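Shown next, in structure tokens, is the structure this report addresses.
The values are calculated or read from the model by the stated rules, or taken from the named source; none is laboratory data. Not measured: the values here are computed from a predicted model. Here Cβ is always computed from backbone atoms with ideal geometry, including for glycine, and neighbour counts include all displayed protein chains. Keep in mind that these areas ignore ligands, DNA and RNA; they rest on the heavy atoms of the full protein, side chains included. Shrake-Rupley method; radii C 1.70, N 1.55, O 1.52, S 1.80 Å.
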Amino acid sequence: MRIAVLGAGAWGSALAIAFAARHEVVLWARDAARAAEMASRRENSSYLPACPFPAALHVTADLDLALRGVDLAILAAPLAGLRPLLEQLRRIAPTLPFLWVCKGLEAGSGYLPHQVVAEVMGEDVVCGVLTGPSFALEVARGLPTAVTLAASRGSFAEDTVRSLHGGNLRIYANDDLIGAEVGGAVKNVLAIATGICDGLGLGLNARAALITRGLVEITRFGMALGANRETFTGLAGMGDLILTCTGELSRNRRVGLMLADGLALPDIIRQLGHVAEGVPAAREVARRAEVLGVDMPITRAVTAVLDGRITPQGAVEQLMARDPKHE
């Protein structure tokens, strides 16, 4: 199979490395100078130093060239860049099957990625999402990882899994596109909450409670949007939530840790140097949950902290003061 990975950040580069072990892969970078540097050094030294590119991995800044003769595209732009990248894909290769790997809800519209896809590409496009508990650095290093490939067309998910599955990257097929996307979006918000919890030194009991109640919020929200409950006990739900809330490589968890230290959000974003999808997602999830009538107190608290309407400690006190309920 010939694959084009569109986006040369950490995750796009990691997937390109992983899939190039068994396929011919073209990695597209928007910036020509950066593409030339990666092609020369045979690594993405900015995001994944010491993770060499396999021989079957080629780098280009020419999008038309990257998409020429490929069987599958993997869109590895952050969510904010998904819509413009789709518009380019529609112009060059409108019938090409593709996957996206971004997580969140689009700022302004509140759309999940598949809704952005439908608006730009139409309802009949063959596509799906690749998601689940996975840090780019570990995938690039070839460490064992399991993820989910979800698509509304079950046959596409199963066929693509058979092609991509292999080595230390285990891929499971799923037909619950909404559930897979919701799990990937809301877990980032919960990771910010867990970072705040750990940063304030609230202990392991508090962390366990927060993750567990966070999974309840994810499930409520997803089911209100039409997802299957079972999805949230799998890789795209509980698996991704646990990893992002506890892993030291989690950017969203780091946002929470720095908020607990009293840093201002603009300074945090500057220090990260990477996209933390939980920051814009928190506001959109809270907005959409309110419209749907879904109770998401942790998400609301995170949004209030990000907006500067309450301190991290104040958010904890507010959550602990809630009336008792049945689990």
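Does the range 101-110 include one or more residues that are touching a residue at least 60 places away in the same chain (Cβ under 8 Å), in contact with a Ser or Thr (Cβ under 7 Å, 6 or more places away or on another chain) and among the basic types (Lys, Arg)?
Looking through the range 101-110, at least one residue is touching a residue at least 60 places away in the same chain (Cβ under 8 Å), in contact with a Ser or Thr (Cβ under 7 Å, 6 or more places away or on another chain) and among the basic types (Lys, Arg).
Residue check: is Phe53 touching an Asp or Glu at 6+ places or on another chain (Cβ under 7 Å) and either over 21 Å from Met1 (Cβ atoms) or open to solvent by less than 60 Å² (accessible area, probe 1.4 Å) (or both)? Lay out the reasoning, then the answer.
Details: touching an Asp or Glu at 6+ places or on another chain (Cβ under 7 Å): yes; either over 21 Å from Met1 (Cβ atoms) or open to solvent by less than 60 Å² (accessible area, probe 1.4 Å) (or both): yes.
The answer is yes for Phe53.
Pairs, please: C-beta under 8 Å, at least 6 apart or cross-chain, first residue assigned to a loop (DSSP other than H, G, I, E, B) and in the range 299-327, second surrounded by 10 or more Cβ atoms within 10 Å (Cβ to Cβ)?
Asp307/Arg283; Gly308/Leu265; Ile310/Ala301; Ile310/Ala304; Ile310/Gln318; Thr311/Val305; Arg322/Pro297
What do you reckon, is Gly166 at pLDDT below 95 and not basic (Lys, Arg)?
Here the answer is yes, as Gly166 does meet what is asked.
Conditions: (1) in contact with a Pro (Cβ under 7 Å, 6 or more places away or on another chain); (2) under 18 Å from Ala227 (Cβ atoms); (3) modelled with pLDDT under 95. Trp100 meets all but one. Number of the miss?
Result: Trp100 fails condition (3) only.
Can you name every residue in the range 233-264 that is of a type in the set (A, V, I, L, M, F, W, C) and within 15 Å of the chain's Cα centre (by Cα)?
Here is the first cut: in the range 233-264, the residues of a type in the set (A, V, I, L, M, F, W, C) are 235-236, 238, 241-243, 245, 249, 255, 257-260, 263-264.
Within the range 233-264, Leu235, Ala236, Met238, Leu241, Ile242, Leu243, Cys245, Leu249 qualify.
Given the options Gly226, Gly237, name the one that is closer than 24 Å to Ile178 by Cα and either assigned to a helix (DSSP H, G or I) or in contact with an Asp or Glu (Cβ under 7 Å, 6 or more places away or on another chain) (or both).
Values: Gly226 fails: either assigned to a helix (DSSP H, G or I) or in contact with an Asp or Glu (Cβ under 7 Å, 6 or more places away or on another chain) (or both).
Within the list Gly226, Gly237, the selection yields Gly237.
When the range 244-263 is examined, which residues are found to be over 19 Å from Ser134 (Cα atoms) and either in a helix (DSSP H, G or I) or touching a residue at least 12 places away in the same chain (Cβ under 8 Å) (or both)? Spell out the reasoning first.
Here is the first cut: in the range 244-263, the residues over 19 Å from Ser134 (Cα atoms) are 256-263.
Once the filter is applied, which keeps residues that are over 19 Å from Ser134 (Cα atoms) and either in a helix (DSSP H, G or I) or touching a residue at least 12 places away in the same chain (Cβ under 8 Å) (or both), the range 244-263 yields Gly256, Leu257, Met258, Leu259, Ala260, Asp261.
If you go through the range 20-41, how many residues are crowded, with 19+ Cβ neighbours inside 10 Å and either over 24 Å from the mean Cα position of the chain (by Cα) or among the aromatic types (Phe, Trp, Tyr) (or both)?
Of the residues in that region, 1 qualify.
It is to be established whether one or more residues within the range 272-292 are more than 30 Å from Ala8 (Cβ to Cβ), in a loop (DSSP other than H, G, I, E, B), open to solvent by less than 80 Å² (accessible area, probe 1.4 Å) and not hydroxyl-bearing (Ser, Thr, Tyr). So that I can check it myself, show each step before the final result.
Initially, the range 272-292 is screened for residues more than 30 Å from Ala8 (Cβ to Cβ), giving 286-292.
From what's left, in a loop (DSSP other than H, G, I, E, B): none.
No: the range 272-292 contains no residue that is more than 30 Å from Ala8 (Cβ to Cβ), in a loop (DSSP other than H, G, I, E, B), open to solvent by less than 80 Å² (accessible area, probe 1.4 Å) and not hydroxyl-bearing (Ser, Thr, Tyr).
Show the residue pairs that are 6+ apart or on different chains and have beta-carbon atoms under 8 Å apart, the first residue being within the range 142-167 and without any contact (Cβ under 8 Å) to a residue 12 or more places away in the chain and of a type in the set (Phe, Trp, Tyr), the second being part of a helix (DSSP H, G or I) and open to solvent by less than 30 Å² (accessible area, probe 1.4 Å).
Nothing qualifies.
Looking at the range 220-237, can you tell me whether even one residue there is open to solvent by 40 Å² or more (accessible area, probe 1.4 Å), under 19 Å from Ala315 (Cα atoms) and in contact (Cβ under 8 Å) with a residue 12 or more places away in the chain?
Of the range 220-237, the ones open to solvent by 40 Å² or more (accessible area, probe 1.4 Å) are 220, 223-224, 226, 228-230, 233, 235.
Narrowing the set further to residues that are under 19 Å from Ala315 (Cα atoms) leaves none.
No, the conditions are met nowhere in the range 220-237.
Going by what's in this entry, would Pro297 be described as surrounded by fewer than 18 Cβ atoms within 10 Å (Cβ to Cβ) and under 25 Å from Asp240 (Cα atoms)?
Numbers: surrounded by fewer than 18 Cβ atoms within 10 Å (Cβ to Cβ): yes; under 25 Å from Asp240 (Cα atoms): yes.
It is true that Pro297 is surrounded by fewer than 18 Cβ atoms within 10 Å (Cβ to Cβ) and under 25 Å from Asp240 (Cα atoms).
For the range 60-75, does any single residue satisfy the condition of being under 22 Å from Gly167 (Cβ atoms), of a type in the set (Asp, Glu) and modelled with pLDDT of 95 or more?
yes
Answer with yes or no whether Thr194 is among the polar types (S, T, N, Q), open to solvent by less than 10 Å² (accessible area, probe 1.4 Å), out of contact with any strand residue (DSSP E or B) (no Cβ under 7 Å at 6 or more places or on another chain) and in a helix (DSSP H, G or I).
Values: among the polar types (S, T, N, Q): yes; open to solvent by less than 10 Å² (accessible area, probe 1.4 Å): yes; out of contact with any strand residue (DSSP E or B) (no Cβ under 7 Å at 6 or more places or on another chain): yes; in a helix (DSSP H, G or I): yes.
Here the answer is yes, as Thr194 does meet what is asked.
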